[in-house]
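Below: one structure, written as structure tokens.
A short reminder: the numbers here are calculations on the coordinates, not readings from a lab. Bear in mind the structure is a predicted one, so any value in this text is a computation, not a measurement. Here the Cβ positions follow ideal geometry from the backbone for every residue, glycine too, while neighbour counts run over all protein chains shown.
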Amino acid sequence: MLDALHAESGMSEHTPHSGTFHGGCHCGAVRFRAQVDPAQGSVRCNCSLCARIRRWAAILAPSAFELLEGEDALADYRFGRGVARHRFCRHCGVHVFAQNHVEELGGDYVSLSLACLDVAPQWLAAVPVAYLNGRDEDWARPPAVTAHM
């Protein structure tokens, strides 16, 4: 029975533990600490920006994210309605996180790039993924094709 539940949820006995993790950009100018619960899953989106940077993110409460170093190394990018402030390192170009505000999702949240966490590949591989159809702004259904995401 547990196997069936794990199969439905995408979870397994190899699901990574939650906790406080550190991470940062490629060059090290930006460093952060974040409380991440992989059981909450992650998202990949096919909107015009996420598709190009291959964003893979955990959605966090603002209180679960702390920028430790590099505020001065961060550049911002906004597009569309401007609800997301995409933050990336101006030195190495890595998109580290985004600060967002969407009332329908409860207001403020942080979209943290999982690829920026200092964790083992096995930890990342076990995080469940939900696919979002931002390209068509159809948030209720995943896109028909996800293999490229």
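Laid out as a table, the results:
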read-out	value
His17/Arg54 FRET efficiency (R0 25 Å; Cβ-Cβ; nearest 0.05)	0.50
Cα gyration tensor of the stretch 71-149 - equivalent ellipsoid semi-axes, whole Å, descending	22, 20, 12
Given charges at beta-carbon only (K, R positive; D, E negative), |dipole| of the chain in Debye	580
Spatial separation of Cα centroids for the stretch 128-142 and the stretch 20-90, in angstrom	18
Kirkwood Rh in Å, taken over all unlike Cα pairs in the chain	16.1
